[in-house]
Amino acid sequence: MNRVLLDIDNTLTSIDLVLRLMEGHFGKEKVEWQDITSYTIGEIFNITKNEDKDFWNKYSPFISKLSTVNQPVVDRINNIINDNDNVIIVTARPEIERDITKEWLNRNNIKHDKLLLVGKEPKIKTIEKLELNVIIDDNPNVFKDISIELNNNKSFLYSAKQKNKLDRYIINYPYNFGLESEKRICSLTGKFI
């Protein structure tokens with residue numbers, strides 16, 4: 001049995017709603033997939049950190065409720081996860097969005113055993129604490145942190161890698177090109193790259 005970390009935003013969800021809302025809110029031209037070169041989406045729109053923060057404060061619950069499923073990616077993930085795996089959704093969403101998030105997961109039939117809303121806390125802490133050995137995420141910082149832990153011979157991840165029990169799947173976007181991962185899943189097609 002694997003212990004799976006599964007992300008939500010830009011992994012299970014399409015990024016389109018966020019892009020369209022930012023384009024309209026900031027009066028910017030349409031952003032294409034190849035233009036998504038920063039994980040901090042506001043940087044693509046050349047807005048200040050305060051403007052970015054204000055945008056997320058205003059739209060985050062709306063985005064969490066109405067984002068569409070990235071069905072090709074979800075289909076691929078469903079082929080990766082086994083019925084007996086323990087799937088833990090670990091999202092950077094704030095705790096205040098727990099009910100909206102649970103409703104979204106249920107409405108979209110996303111199989112999971114537990115939901116953790118960690119906010120701004122680095123996911124690496126959760127990975128190590130819960131000994132998660134399958135990681136499915138888009139966030140480049142998660143994979144950078146994993147790379148650091150793989151050099152720490154006292155970490156769970158180091159031990160899992162030594163036993164060939166660690167699988168990392170990165171949902172491919174231009175902002176995470178070049179990061180180390182066993183597998184890349186195309187965010188557009190759900191196919192392995």
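Can we say W56 is assigned to a helix (DSSP H, G or I), among the aromatic types (F, W, Y) and either modelled with pLDDT under 95 or surrounded by fewer than 17 Cβ atoms within 10 Å (Cβ to Cβ) (or both)? Give the derivation first.
Working: assigned to a helix (DSSP H, G or I): yes; among the aromatic types (F, W, Y): yes; either modelled with pLDDT under 95 or surrounded by fewer than 17 Cβ atoms within 10 Å (Cβ to Cβ) (or both): yes.
Yes, satisfied.
State whether the residues of the stretch 35-43 include one that is open to solvent by 50 Å² or more (accessible area, probe 1.4 Å), in a helix (DSSP H, G or I) and in contact with a Pro (Cβ under 8 Å, 6 or more places away or on another chain). Can you show your working first?
Quick first cut of the stretch 35-43, residues open to solvent by 50 Å² or more (accessible area, probe 1.4 Å) only: 35, 37, 39-40, 43.
In the following step, the residues that additionally are in a helix (DSSP H, G or I) were identified as 35, 43.
Cutting the leftovers down to in contact with a Pro (Cβ under 8 Å, 6 or more places away or on another chain) gives us 35.
Among the residues of the stretch 35-43, at least one is open to solvent by 50 Å² or more (accessible area, probe 1.4 Å), in a helix (DSSP H, G or I) and in contact with a Pro (Cβ under 8 Å, 6 or more places away or on another chain), which makes the answer yes.
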Top-ranked residue of the stretch 143-158 - restricted to ones that are more than 28 Å from N78 (Cβ to Cβ) and not in a loop (DSSP other than H, G, I, E, B), ranked as least open to solvent (accessible area, probe 1.4 Å) | Y158
Under 6 Å by Cβ, and 6 or more places apart or on different chains, what pairs join a residue from the stretch 129-142 that is assigned to a strand (DSSP E or B) with one that is aromatic (F, W, Y) and open to solvent by 20 Å² or more (accessible area, probe 1.4 Å)?
-> I136/Y169
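Filter the stretch 143-193 for residues that are of a type in the set (V, I, T) and in contact (Cβ under 8 Å) with a residue 60 or more places away in the chain; which is farthest from I88 (Cα to Cα)?
Taking the stretch 143-193 and keeping what is of a type in the set (V, I, T), we get 146, 148, 170-171, 185, 189, 193.
When the remaining residues are screened for being in contact (Cβ under 8 Å) with a residue 60 or more places away in the chain, the result is 171, 185, 189.
Numbers: I171: 17, I185: 19, T189: 24 Å.
If we take residues in the stretch 143-193 being of a type in the set (V, I, T) and in contact (Cβ under 8 Å) with a residue 60 or more places away in the chain, then T189 is farthest from I88 (Cα to Cα).
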Given V87, V18, which one is in a helix (DSSP H, G or I), of a type in the set (A, V, I, L, M, F, W, C) and open to solvent by less than 20 Å² (accessible area, probe 1.4 Å)?
-> V18
Looking only at the stretch 91-114, decide whether some residue is modelled with pLDDT of 95 or more, open to solvent by less than 90 Å² (accessible area, probe 1.4 Å), closer than 19 Å to C186 by Cβ and part of a loop (DSSP other than H, G, I, E, B).
-> no
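I need the full set of residues from the stretch 14-41 which are of a type outside the set (D, E, K, R) and in contact with a Ser or Thr (Cβ under 8 Å, 6 or more places away or on another chain), in order please.
If the condition is that a residue be of a type outside the set (D, E, K, R) and in contact with a Ser or Thr (Cβ under 8 Å, 6 or more places away or on another chain), then S14, I15, L17, V18, W33 are the ones that fit.
The values are calculated or read from the model by the stated rules, or taken from the named source; none is laboratory data. Computed from a prediction, not measured in an experiment: that's the story for all the values here. With ideal geometry, Cβ positions are generated from the backbone for all residues, glycine too; neighbour counts draw on all protein chains shown. For accessibility, only protein heavy atoms count, side chains too; no ligands or nucleic acids. Shrake-Rupley method; radii C 1.70, N 1.55, O 1.52, S 1.80 Å.
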